[in-house]
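Notes to accompany the following structure.
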Amino acid sequence: MEIKLIALDLDGTLLTSDLKITKNTIDVLNEAMNKGKEVVICTGRTIAELPLEFEHMPYIKYYITSNGAIIWDRHHIRMIYENPIPVDDVRKLMDILKPFDLRIELFALGRVFIDQYCYDHLDEYGGGNHVEFLRGSRTPVPEIKSFIQEFDEPVDKFNLFFKTPEQRKEVWDKCVALGFNVTSSFEQNMEVNSKTANKGTALKSLVNRLNIDVSSVMVVGDQLNDMTMLRYAGHPIAMGNAVDDIKSLATYITKTNDEDGVAYAVKKLVLEGEDNENLFF
């Protein structure tokens, strides 16, 4: 069936390793949208972290952010879907985190709040190669745990960075036991959403709103937080750099994010209309 909607993850998928979108990819996606295809961004990021290159893709109408907690109508600058973590569950999560020295990022109000000390010492708290990006996209507060207590409202998502795999596993298991949606988009992180929020559920809501059949939906992703939307879509595509669990769900595996894998898949499957597994790796 004809592909009518293309849902794209950002990090490791649409973005290269240096967090850019290539001109080739922009041109291919704009061509698809000019031919009436809907392109939807489905990311673990919040709206404040979206890349500047979207200015060159004005026909993108919808952003699914915070792993499915929010759907934004881009052109009307409003939320059309929300699935946040309730206040009581926020408190339960904070009780679990009390004993640990970690980087806590709170996703709320379209922003990412972070402890000032962690902000000043990102190298120590999992900043890796993206310290500059993090400093430009985070909002530091004097003390994150006090800030969360005083905020006392539902929040979109928590992004947590642990210093050891053992600490992450301990918290992961406790969160799963409480029913939280827990996933990961990087080896050292852990992302916590409400018990019902994920990319697949949010994408399904948007697809139904647009009255598009799921068999006409193409999804491209690379990490565990993309799993629910790959399971949902009629055309699940894995990046060449995707983790094995994602590749196992995919109909096709395209090139890597540093080889314009999204552009390659869209060009072959959507613009040229070819359905040939030999085109993929």
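The values are calculated or read from the model by the stated rules, or taken from the named source; none is laboratory data. Every value quoted in this text rests on a predicted model; they were computed, and no experiment measured them. Counting neighbours? That spans all protein chains shown, and the Cβs are built from the backbone with ideal geometry, glycine included. Accessible surface is based on the protein model in full, side chains and every heavy atom, while ligands, DNA and RNA are left aside. Shrake-Rupley method; radii C 1.70, N 1.55, O 1.52, S 1.80 Å.
What to note about this one:
- Ser184 fulfils the conditions (1) of a type in the set (Gly, Ala, Ser); (2) open to solvent by 40 Å² or more (accessible area, probe 1.4 Å); (3) modelled with pLDDT under 95 except for a single criterion, (2).
- Some residue of the stretch 47-67 being among the basic types (Lys, Arg), in contact with a helix residue (DSSP H, G or I) (Cβ under 8 Å, 6 or more places away or on another chain) and open to solvent by 60 Å² or more (accessible area, probe 1.4 Å): no
- The stretch 130-145, residues that are without any contact (Cβ under 8 Å) to a residue 60 or more places away in the chain and of a type outside the set (Val, Ile, Thr): Glu132, Leu134, Arg135, Gly136, Arg138, Pro140, Pro142, Glu143, Lys145
- Test for Leu224: is it free of Cβ contacts under 8 Å to residues at least 60 places away in the same chain and of a type outside the set (Gly, Ala, Ser): yes
- Flag if Gly36 is open to solvent by 30 Å² or more (accessible area, probe 1.4 Å) and over 20 Å from Asp258 (Cβ atoms): yes
- Check on Val28, assigned to a helix (DSSP H, G or I), of a type in the set (Val, Ile, Thr) and open to solvent by less than 20 Å² (accessible area, probe 1.4 Å): yes
- Residues of the stretch 68-92 satisfying the condition of being closer than 15 Å to Ile148 by Cα and surrounded by fewer than 21 Cβ atoms within 10 Å (Cβ to Cβ): Pro84, Pro86, Val87, Asp88, Asp89, Arg91, Lys92
Residues checked against (1) touching a His at 6+ places or on another chain (Cβ under 7 Å); (2) β-branched (Val, Ile, Thr); (3) free of Cβ contacts under 8 Å to residues at least 24 places away in the same chain:
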| residue | (1), (2), (3) |
| --- | --- |
| Phe147 | no, no, no |
| Phe158 | no, no, no |
| Lys163 | no, no, no |
| Lys174 | no, no, no |
| Val182 | no, yes, yes |
| Asn189 | no, no, no |
| Asn193 | no, no, no |
| Thr201 | no, yes, no |
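- Checked against the criterion of being within 18 Å of the chain's Cα centre (by Cα) and either at pLDDT 95 or above or open to solvent by 20 Å² or more (accessible area, probe 1.4 Å) (or both), the candidates Phe151, Phe133 yield just one match: Phe133.
- Checking each residue in the stretch 191-209 for being farther than 13 Å from Val40 by Cβ and in contact with a Cys (Cβ under 8 Å, 6 or more places away or on another chain) picks out only Val192.
- Residues of the stretch 36-86 satisfying the condition of being over 15 Å from the mean Cα position of the chain (by Cα), among the hydroxyl-bearing types (Ser, Thr, Tyr) and under 19 Å from Val155 (Cβ atoms): Tyr81
- Hey, Asp9 at pLDDT 95 or above, surrounded by 15 or more Cβ atoms within 10 Å (Cβ to Cβ) and touching a Gly at 6+ places or on another chain (Cβ under 7 Å) or not: yes
- Flag if Lys35 is closer than 25 Å to Ser185 by Cα, of a type in the set (D, E, K, R) and modelled with pLDDT of 95 or more: no
- Within this structure, Thr43 passes the test of being free of Cβ contacts under 8 Å to residues at least 60 places away in the same chain, crowded, with 22+ Cβ neighbours inside 10 Å and either at negative phi or in contact with a Cys (Cβ under 9 Å, 6 or more places away or on another chain) (or both).
- Close pairs from the stretch 1-18: first without any contact (Cβ under 8 Å) to a residue 60 or more places away in the chain and of a type outside the set (S, T, N, Q), partner open to solvent by 10 Å² or more (accessible area, probe 1.4 Å) and assigned to a loop (DSSP other than H, G, I, E, B), Cβ under 7 Å, at least 6 apart: Leu10/Arg45
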